[in-house]
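Shown next, in C-alpha cells, is the structure this report addresses.
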Amino acid sequence: MDKALTAIPIENQYCIDKEPYYQEAGSEISLYEAAYQLRIPMMLKGPTGCGKTRFIEHMAWRLKKPLITISCHEDMTASDLIGRYLLDANGTYWQDGPLTLAARIGAICYLDEVVEARQDTTVAIHSLTDYRRTLSLEKKGELLQAHDDFQLVISYNPGYQTLMKDLKTSTKQRFAALEFGYPDEETETAIVCHESGIDAEMAGRLIQIARHARNLVGHGLSEGISTRLLVYTAQLIVQGIAPIAACQMALVRPISDDADIRETLDATIQACF
Ligand SMILES: Nc1ncnc2c1ncn2[C@@H]1O[C@H](COP(=O)(O)OP(=O)(O)OP(=O)(O)O)[C@@H](O)[C@H]1O
Ligand SMILES: [Mg+2]
C-alpha cells in the first residue's frame, strides 16, 4: 500500500484527470488563461455557490496543472500554510505545508475564503505574489523560489466583508480579479440540467423562484439563492420529492429565518407549481 503510494509522483496526486463540468458565463476562461500564462495571481470574487471552485478545478484540468486547495479559517496559522517540524520515532523532520508544497511542485494553489485567515498568514503570501515569487520558510532557514508553473489564486466573497474583516490593500493589489455572479437564465438552466438530470422546463421554474429571491437581496435577504441550492433542489426533485417540498427545503429554508421573507417565497413557489 505504502509502496504504491510513494510510486505516484506527488504532483500527480493533485492532478485532475476527468474534465470538471464548467459552463462559461462570459470570457472568464480565456481571461484566466492569459493571467496564468503571465503567472499573475488571481482573485475570484463572488457570492457563495456561484461556481468559483468549479471554475478553478476546470482551469487546473484545462492547463494540466496540479491543484492544491486550502480552506482558510480564523484559527489557521502561518505554519498551517507553510509547514512545521514534526516528531516521529526517528526524531524531528520537516513537513511542508500545502502552500509550500504548491510552490515546490508548480501547482495552482487555491486559497478559499482567504479573508477568514489571520493577518499573519495573508502577509506570508506577499513575497510569493510579487516579482520575487519566493516563500520564506523561517523555521527551516530556507528561502524557497517558487516553481515556474506555480500560481496563487484566492477566493473572496465581497458580501461577507466587514470593516473588521477585509483584506489589506497591499494584499488585494497583488491580484487581478475575475468577478463571478449568478449566471444568466440560459446558462443557469444548462448548469442545473447537467448537474441534476432534471428537464429544462422544470429547471426554468426553479430559476424563476431564485430570480425572485435574488431581487429581495438588500430588502430583508442578505444573499440570494445560489446556483448550488438550485442544483440541490433539482436533485431532490429527480429523486422523487414533490417540487414544492423540495423548494421549501433546499431553496427557502437555508437562506432565511425571517417569517415574512419565507411567506413571500413560499407564495412564489405555490404560484410556480
Ligand atoms: N458555471 C458553472 N458551471 C458548472 N457548474 C456550476 C457553475 N456554477 C455553479 N455550478 C454548480 O454549483 C455548485 C456550487 O459551485 P461552487 O462550489 O463552485 O461555488 P463557489 O462559488 O465555490 O461557492 P463558495 O463561495 O461557497 O465556495 C457546483 O457544484 C456546480 O454544481
Ligand atoms: Mg468554493
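The values are calculated or read from the model by the stated rules, or taken from the named source; none is laboratory data. Every value quoted in this text rests on a predicted model; they were computed, and no experiment measured them. We place every Cβ from the backbone using ideal geometry, glycine too, and count neighbours over all the protein chains shown. Just so you know, the surface numbers come from the protein's heavy atoms only, side chains and all, with ligands and any DNA or RNA stripped out. Shrake-Rupley method; radii C 1.70, N 1.55, O 1.52, S 1.80 Å.
Extending each Cα 7 Å along its Cβ direction at Leu87 and Gln119, get the distance between those two points in nm, one decimal.
3.3 nm
What do you get for trypsin sites (Lys or Arg not before Pro) in segment 131-220 restricted to DSSP loop and a cutoff of at most 14 other Cβ within 10 Å of the site's Cβ?
Those that pass, being in a loop and sparsely packed, are Arg132, Lys165, Lys168.
Nearest 10 degrees is fine. How inclined is helix 259-272 to the longest principal axis of the chain, computing both from alpha carbons?
Tilt of helix 259-272: around 70 degrees.
Arrange the residues Ile40, Ile125 by how much accessible surface each exposes, largest first, with a 1.4 angstrom probe.
Ile40, Ile125
Taking the Cα centre of each part, how many Å lie between segment 46-68 and segment 20-42?
For segment 46-68 versus segment 20-42, the Cα centre distance is 9 Å.
If I take R0 = 30 Å and measure r between the Cβ atoms of Glu33 and Ala200 in this structure, what FRET efficiency does the formula 1/(1 + (r/R0)^6) give, to the nearest 0.05?
0.50
Could you tell me which residue out of His126, Leu178, Ala35 lies farthest along the dipole of the chain toward its positive end? Charges go on the beta carbon: Lys and Arg +1, Asp and Glu -1, centred on the Cα centre.
His126
Tell me, what is the per residue accessible area of the chain in Å², probe radius 1.4 Å?
Spelled out: the 1.4 Å probe surface of the chain, per residue, equals 51 Å².
Read phi for every residue in segment 98-109 and hand back ³J(HN,Hα) as whole Hz from Karplus 6.51 cos²θ - 1.76 cosθ + 1.60, θ = phi - 60°, with x for Gly and Pro.
Each residue's phi maps through the Karplus curve to give x, 5, 4, 4, 4, 5, 6, 8, x, 9, 7, 9 Hz.
Rounded to the nearest 20 Debye, what is the dipole magnitude of the chain about its Cα centre when Lys and Arg each give +1 and Asp and Glu each give -1 at the C-beta?
With only Lys, Arg, Asp and Glu charged at Cβ, the dipole is about 700 debye.
Return the percentage of antiparallel bridges among DSSP beta bridges fully within the chain, rounded to the nearest 5 %.
The answer is about 35 percent antiparallel.
With each label point set 7 Å from Cα along the Cα-Cβ vector, what nm distance links Leu143 and Asp258?
Roughly 5.4 nm, to one decimal.
Which is the longest run of the chain containing none of the GluC sites (Glu not before Pro) found in DSSP loop states (not H, G, I, E, B) with at most 14 other C-beta atoms within 10 Å?
75-273
For segment 3-179, what % of the accessible area comes from carbon and sulfur atoms, probe 1.4 Å?
The C+S portion of the solvent-accessible surface of segment 3-179 is 52 percent.
Which residues' amide hydrogens lie under 5 Å from the amide hydrogen of Leu111, considering only partners 5 or more residues apart or on another chain, with H built in the peptide plane?
Answer set, sorted by chain and number: Ile70, Val153, Ile154, Ser155.
How far, in degrees from 0 to 90, does helix 200-214 lean away from the longest principal axis of the Cα atoms of the chain, to the nearest 10?
That helix lies at roughly 80 degrees to the long axis.
Could you tell me the calculated FRET efficiency between His126 and Trp94, based on Cβ-Cβ distance and R0 = 25 angstrom, to the nearest 0.05?
Computed FRET efficiency for His126 and Trp94: 0.65.
Net charge near Pro20, counting Lys/Arg +1 and Asp/Glu -1 over other residues with Cβ under 15 Å of its Cβ?
That sum, taken over residues with Cβ under 15 Å, equals +1.
Please give the net charge around Tyr85, taking every other residue with its beta carbon less than 15 angstrom from that of Tyr85, where Lys and Arg add +1 and Asp and Glu add -1.
That works out to -2.
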